[in-house]
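Structure first, commentary second.
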Amino acid sequence: MASRGPSNATFRDREKPQEVRKANIVAARAVSDAIRTSLGPKGMDKMIKSSRGQIIISNDGHTILKQMAILHPVAKMLVEVSAAQDTEAGDGTTSVVILAGALLGAAEKLLSKGIHPAIIAESFQKAAKRSVEILLEMSYKISLEDKEDLIRAASTSLSSKIVSQFSSFLAPLAVNSVLQISNNDSKNVDLNDIRLIKKIGGTIDDTETVDGVVLTQNVVKSAGGPTRIEKARIGLVQFQISPPKPDTENNIVVSDYRQMDKILKEERSYLLNICKRIKKAKCNVLLIQKSILRDAVNELALHFLSKLGIMVIKDIERDEIEFLSKSLGCKPISDVDLFTEDRLGAVDLVEESESDGSRIVKLTGVKGHNAKPTVSVIIRGANQMILDETERSLHDALCVIRCLVKERGLISGGGAPEIEVSRRLNKESRSMEGVEAFIWEEFAQALEVIPTTLAENAGLNSIKVVTELRSRHEAGEINEGISVRRSGTANTYDEHILQPVLVSTSSITLASECVKSILRIDDITFGR
């Protein structure tokens, strides 16, 4: 019997790609199921203990996934999708992962019918594109002057967080912060211009915005310098006001007290020279960057500066320098020879105040002509966990308003847009031919996972609620969604449950792109 020709093992192993796909889908769906319970206003929180023993309590999808120890490479893709949603829209990080999980479930059904994964992936992308068009048709155009609508969108975002009972206070605060740094023509908002500062003490009610800059570092009082200065001229220095040190470790042997005297005199005159140059440039508030190699400022220099009536604040972190120079309109000074008047920033008042047991320095009334408007928000809370969660919630609310600056459209929330898109896609799939009709139908059904999950988490009968929503939407009531307050269906637009259209469009687009890349993987090999 003739020997068989060399057969290609890959083709013999027809089952492997299917198994790999199945395993990938199972891994990714496990991640999406893990955070499914934290969706919506009645969603539960997760407590995460990190490897360093730090404890985080949150129901923000991106925060939870970022902290989870996920090993499977495909499950990690879902973490990246929630990160992408976080940077693009800032809100909807939980829903994008749940959507991706539901779409993978739909893909699994289609694969078991023997449909090729590439066809499924392509049709999913087409269906996602059509969904975005439907969502944009449904949205209500708004202008940035309409503050009420912005506040409603922000409080919808805050309603699912731990701080939901403070949403009537935090939502206007977030809206005012964004409006202070943007105008009607802005196409985007840089959230780095809003600085969130956390201070333990007081309650969340004591959170406030400061028109100006807030520093968490304290004024140096050891040499008796001033703690309040009006008409301040601020210098931001990156050099050290202390005797120079050689780079290498070495010792000076002094055999004579005259030499000793000479060294001390040199030191004094060196420091006095620097301090006089600072005074000459009419600077009366000095912010000194933190230094590692040697003291940023020593006792003698502090003594001279306090005699010259200059307020000193030291230990400014390196990553704060950019924000401070932007908001105060002063340039960082890296050498004493460059210390000139034109590099200083001007402020009406610099003073240190104490509230709720912690001290902060406020710089108010920024005058510099090249200063950009920035906002500082001081967040107060009883403990570190509440502070962290308030900061994350405020960040989400700020992102929601940033979305409305990017894409000025609001859409009713509570699962209404998903049901409407699902209904329209279902209708359109009936007029199609071939495999695509099947795929669109599954895609439409997968979108219903959002209202189903919202109903389940609110303790409602999900089947009853979703079928009722379907019939209402069929009757043309496109704003019908789930209202947890009414514990049933309601017109969510009239109930003021609103979200930016960008949150929904980007979550559908990102979820379908992620599913496309997962479906195209047919083998996992390990590199060296």
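The values are calculated or read from the model by the stated rules, or taken from the named source; none is laboratory data. Treat the numbers as computed from the prediction; the structure is a model and nothing was measured. Here the Cβ positions follow ideal geometry from the backbone for every residue, glycine too, while neighbour counts run over all protein chains shown. Accessible surface areas use protein heavy atoms only, side chains included; no ligands, DNA or RNA. Shrake-Rupley method; radii C 1.70, N 1.55, O 1.52, S 1.80 Å.
Placing unit charges on C-beta atoms (Lys and Arg positive, Asp and Glu negative, everything else neutral), compute the dipole magnitude of the chain about its Cα centre in debye, rounded to 20. Let's see the in-between values first.
Details: 70 positive and 71 negative charges, 231 e Å.
Rounded to the nearest 20 debye, it is 1120 debye.
Take each peptide in 198-204, 284-290, count the other Cβ atoms within 10 Å of every residue, and average; sorted highest first, the result is 284-290, 198-204.
Shape of the chain from its Cα gyration tensor (a ≥ b ≥ c, root eigenvalues): rounded if a/c is under 1.5, otherwise prolate when a/b > b/c, or oblate? Working shown, then result.
Details: a/c = 2.97, a/b = 1.84, b/c = 1.61.
Taking the square roots of the gyration eigenvalues as a ≥ b ≥ c, the chain is prolate.
Remark: the chain carries 49 Å² of accessible area per residue (probe radius 1.4 Å; ligands, DNA and RNA excluded).
Counting other Cβ atoms within 10 Å of each Cβ, which GluC sites (Glu not before Pro) in the range 197-250 have at most 11 and sit in a DSSP loop? Show your work: numbers first, answer last.
On the way: sites: GLU208, GLU230, GLU249; in loops: GLU249.
Here the GluC sites (Glu not before Pro) that fit, given the DSSP loop and packing criteria, are GLU249.
Averaging 1/r over each pair of different alpha-carbon atoms in the range 212-381 and inverting the result gives 17.0 Å, the Kirkwood hydrodynamic radius. Label zone of PHE526 (point 7 Å out along Cα→Cβ, amide N under 13 Å): in the range 38-79 this covers 72-73.
Working from label points 7 Å from Cα in the Cα-to-Cβ sense, the ASN183 to SER358 distance is 3.5 nm.
Hey, with R₀ at 35 Å, roughly what FRET efficiency would SER517 and ARG52 work out to, going by the Cβ-Cβ distance, to 0.05? Working shown, then result.
Working: r = 32 Å, r/R0 = 0.92.
The formula returns an efficiency of 0.60 here.
Charges at C-beta only: +1 for Lys and Arg, -1 for Asp and Glu. How large is the resulting dipole of the range 421-502 about its Cα centre, in Debye rounded to 20?
Working: 9 positive and 13 negative charges, 50 e Å.
Dipole size: approximately 240 debye.
What whole-number distance in Å separates the alpha-carbon centres of the range 403-465 and the range 278-311? Result: 62 Å between the Cα centres.
Within the range 407-442, whose backbone N sits under 14 Å from a point 7 Å along Cα→Cβ of ALA118? No residues fall inside that zone. Both the radius of gyration and Dmax for the range 439-528 are 17.1, 59 Å, in that order, over alpha-carbon atoms. Peptides 127-134, 492-499 ordered by packing proxy, namely the average of other Cβ atoms within 10 Å per residue, highest first: 492-499, 127-134. Overall, the accessible surface of the chain at a probe of 1.4 angstrom is composed of carbon and sulfur to the extent of 50 percent.
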